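Input: a single structure, listed below in structure tokens.
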Amino acid sequence: MRRGLLPFGVAIVLLGLGACGTGEGRSAAAVVAAIETNPVTLDPRVATDALSLHVTGLLFNALVRVDDHLRVLPDLARRWEQPDDRTVIFHLRQGVQFHHGRELTADDVRFTFESLQTIAPAHTPLLQEVKEIRVLDRYRVAFHLKRPFAPLLYHLTVGIVPADLASQAGFGQAPVGTGPFRFARWGQNEQVELEAFPGYFGGSPRITRLRLRIIPDATIRFLELKQGNIDLLLGSLPPEIVSLVDSLPGVQTATGPSSNYTYVGFNLRDPILADVKVRRAIAHALDRKGLIAHLLRGQATAATGLLFPQHWAYEPQVVTFPFDPERARRLLDEAGHPVRKGGVRFALTFKATTGELSRAIAEAIQFQLAQVGIRVEIRSYEWGTFYADIKSGNFQLYVLTWVGIADPDYYQYVFHSDSLPPLGANRGYYRNSEVDRLLLRGRRTSDTGGRKATYSRIQQILAEELPYISLWHELRWVAYKARIRGFSLMPGGDFIPLKDVWLDDP
């Protein structure tokens with residue numbers, strides 16, 4: 001399953017507007033969600049950033065979905081069968097309506113995945129495994145594979161688009177899906193408006209309208225909550241303000257584990273960073289516990305790799321690089337980077353977004369690396385420019401977060417030698433023939449025990465070679481008014497629980 005990147009500071013605030021009672025403790029309220037930046041696109045086939053994926057998750061359904069325990073469950077496919085190890089047949093729900101009124105059929109499923117070949121390089125790993133997609137009848141579609149492919153179902157969480165509309169120019173700006181909400185309007189740098197879809201096969205949402213407003217200032221979001229204008233707020237405030245939220249009357253908070261993974265990324269084509277001793281020195285120079293305690297106010301747990309500890313393939317026995325500035329200095333000396341004039345060994349450029357937390361983390365890393373003789377220049381950009389640079393490999397150092405990691409085949413997308421941009425997310429140009437071989441084995445192994453052993457070894461190698469420095473898995477956090485009902489936290493931060501939210505009458 002391809003999921004996207006969460007920029008620090010992308011914040012979701014849900015502001016409840018006036019509600020009118022509809023009986024049984026529910027309300028037909030309009031709800032406003034404040035986000036810090038525009039989605040990149042609302043076409044689920046090409047969406048890769050976290051915000052776009054979260055919004056398209058409200059507008060579209062996929063063949064299957066992943067729940068908060070990382071289990072694959074039916075979505076548009078009511079069931080599936082596997083007659084052999086290279087064939088999967090999906091039986092679609094009948095009567096599912098697109099927002100423009102037409103019934104979804106197997107032709108739409110085939111069109112969606114065949115169209116990925118020309119418009120969505122992020123899905124190359126899936127397309128390389130599929131030999132043919134065949135429509136058996138109106139409600140059955142078969143995926144024929146070139147070879148056994150264990151993580152197939154996790155790659156089929158792409159939103160299904162209507163074949164009669166999705167080829168038209170501008171589909172990503174005015175999308176049509178089958179989801180619980182339908183698109184109403186998108187004013188760039190202003191807001192995205194969604195409205196409840198009464199024909200949704202899973203039952204119409206309990207709120208009538210959802211407005212995603214762009215509100216970049218965290219102080220304004222906090223004041224809105226304090227003044228009683230916000231009903232529900234998701235991880236949308238700097239950590240130093242979170243403690244203040246707990247003291248607000250009539251506001252409750254809750255936290256939960258997260259699959260999101262925050263890391264320092266390296267460009268291994270850079271002659272300095274290509275040296276593993278330098279990367280290990282940087283890892284020893286970073287005080288992750290201090291960053292978590294002071295910048296995140298404890299709202300995270302230290303990470304050892306992409307997978308969070310609750311994941312079935314997580315490997316705890318990997319090498320780590322605890323905070324040790326003296327060890328960092330010795331490694332830099334061994335790597336041939338002695339202290340020079342002004343106490344500086346060499347200089348690096350660190351790219352960050354303009355978000356408050358992103359900037360704070362960059363400055364903390366800048367300070368810590370200076371203590372071992374590495375001068376860091378911070379360059380901050382708005383999200384679109386920053387993300388474009390990262391995707392194209394135009395960086396030395398950066399910090400970002402992967403979200404929604406479900407199947408460990410994600411490692412293929414991020415670290416395989418064939419996953420270089422634009423075909424994948426190996427943006428640091430990491431290459432290791434043993435990792436490549438193990439990644440392919442993980443794809444071909446059907447039993448969970450065999451896959452776990454394979455991915456355990458992959459995690460151990462990556463922890464030693466440090467194409468990333470693992471930082472943390474942040475906790476999911478929510479603040480809500482007492483009258484909010486029906487909301488649940490998802491480990492990946494998905495918006496889909498919003499379809500079940502309602503407001504009690506005041």
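The values are calculated or read from the model by the stated rules, or taken from the named source; none is laboratory data. None of these values were measured; they are calculated from a predicted model. Here the Cβ is made from the backbone with ideal geometry for all residues, glycine too, and neighbour counts use every protein chain on show.
Every condition in (1) closer than 18 Å to His123 by Cα; (2) not assigned by TED's automatic domain parsing to the domain that holds Ile215 is met by Gly95 except one, and the failing one is (1). Taken together, the residues in the stretch 66-115 that are of a type in the set (Lys, Arg) and within 22 Å of the chain's Cα centre (by Cα) amount to 1.
Against the conditions (1) surrounded by 21 or more Cβ atoms within 10 Å (Cβ to Cβ); (2) in the same structural domain as Arg134 (by TED's automatic domain parsing); (3) at pLDDT below 85, Ala77 satisfies every one except (3). Each residue in the stretch 447-471 was checked for being of a type in the set (S, T, N, Q) and free of Cβ contacts under 8 Å to residues at least 40 places away in the same chain, and 1 pass. For the stretch 353-373, name all the residues that are in contact with a helix residue (DSSP H, G or I) (Cβ under 7 Å, 6 or more places away or on another chain) and under 17 Å from Leu273 (Cβ atoms). Hits for the stretch 353-373 are Gln368, Leu369, Val372, Gly373. Being under 26 Å from the mean Cα position of the chain (by Cα), assigned by TED's automatic domain parsing to the domain that holds Lys452, surrounded by 17 or more Cβ atoms within 10 Å (Cβ to Cβ) and over 19 Å from Pro467 (Cβ atoms) is true of Ala360. Figure legend. Inter-residue proximity from the stretch 103-132: first residues without any contact (Cβ under 8 Å) to a residue 40 or more places away in the chain and assigned by TED's automatic domain parsing to the domain that holds Tyr200, second residues surrounded by fewer than 22 Cβ atoms within 10 Å (Cβ to Cβ) and small (Gly, Ala, Ser), beta-carbon distance below 6 Å, spacing 6+ or different chains. No pairs are indicated. Any residue in the stretch 320-341 that is under 18 Å from Pro271 (Cβ atoms) sitting within a Cβ distance under 7 Å of a residue that is assigned to a loop (DSSP other than H, G, I, E, B) and of a type in the set (Val, Ile, Thr)? List the pairs, counting only those 6 or more apart or interchain. If the second residue must be assigned to a loop (DSSP other than H, G, I, E, B) and of a type in the set (Val, Ile, Thr), the pairs left are Leu332/Val372.
Table: residues versus (1) surrounded by 21 or more Cβ atoms within 10 Å (Cβ to Cβ); (2) under 19 Å from Tyr263 (Cβ atoms).
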{"position": "Arg340", "(1), (2)": "no, no"}
{"position": "Thr353", "(1), (2)": "yes, yes"}
{"position": "Val376", "(1), (2)": "no, yes"}
{"position": "Leu397", "(1), (2)": "yes, yes"}
{"position": "Trp402", "(1), (2)": "yes, yes"}
{"position": "Asp418", "(1), (2)": "no, no"}
{"position": "Glu434", "(1), (2)": "no, no"}
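Scanning the stretch 73-128 for residues that are in a loop (DSSP other than H, G, I, E, B) and polar (S, T, N, Q), we see that the one that is nearest to Asp49 (Cα to Cα) is Gln128. Of all the listed residues (Gly250, Gly256, Gly172, Gly202), the sole one being in contact with a Phe, Trp or Tyr (Cβ under 9 Å, 6 or more places away or on another chain) and touching a residue at least 24 places away in the same chain (Cβ under 8 Å) is Gly256. The condition of being among the β-branched types (Val, Ile, Thr), outside the structural domain of Tyr411 (by TED's automatic domain parsing) and over 26 Å from the mean Cα position of the chain (by Cα) does not hold for Val161.
Selection within the stretch 307-349: residues that are in contact with a strand residue (DSSP E or B) (Cβ under 7 Å, 6 or more places away or on another chain) and at pLDDT 95 or above. The member of this set that is farthest from Gly450 (Cα to Cα) is Val344. Among residues of the stretch 268-295 that are touching a residue at least 60 places away in the same chain (Cβ under 8 Å), those with a Cβ under 9 angstrom from a residue that is hydroxyl-bearing (Ser, Thr, Tyr) and in a loop (DSSP other than H, G, I, E, B), sequence gap 6+ or separate chain, pair up as Leu268/Tyr429; Leu268/Tyr430; Arg269/Tyr429; Ala283/Thr320.
Based on this model, can you work out whether Ala184 counts as surrounded by fewer than 20 Cβ atoms within 10 Å (Cβ to Cβ), at pLDDT 95 or above and touching a Pro at 6+ places or on another chain (Cβ under 9 Å)?
no
Residues that are assigned by TED's automatic domain parsing to the domain that holds Ala463, within 19 Å of the chain's Cα centre (by Cα) and not in a strand (DSSP E or B) occur at least once in the stretch 364-382.
Just to be sure before I move on: is Leu225 part of a strand (DSSP E or B) and crowded, with 22+ Cβ neighbours inside 10 Å in the structure I sent?
no
I'm trying to understand the selection: among the residues of the stretch 110-155, which are among the polar types (S, T, N, Q) and surrounded by 21 or more Cβ atoms within 10 Å (Cβ to Cβ)? Within the stretch 110-155, just Thr112 meets the criteria.
In the stretch 470-506, the residue that is nearest to Pro316 (Cα to Cα) out of those that are more than 21 Å from the chain's Cα centre (by Cα) and part of a loop (DSSP other than H, G, I, E, B) is Gly486. Of the residues making up the stretch 9-48, those that are within 15 Å of the chain's Cα centre (by Cα) and modelled with pLDDT under 80 number 4.
Residues in the stretch 456-469 include at least one that is part of a strand (DSSP E or B), at pLDDT 90 or above, crowded, with 22+ Cβ neighbours inside 10 Å and among the aromatic types (Phe, Trp, Tyr). Within the stretch 413-455, the only residue that satisfies the criterion of being under 16 Å from Pro125 (Cβ atoms), among the acidic types (Asp, Glu) and not in a loop (DSSP other than H, G, I, E, B) is Asp436.
Residue check: is Gln82 farther than 23 Å from Tyr411 by Cα, polar (S, T, N, Q) and surrounded by fewer than 14 Cβ atoms within 10 Å (Cβ to Cβ)?
yes
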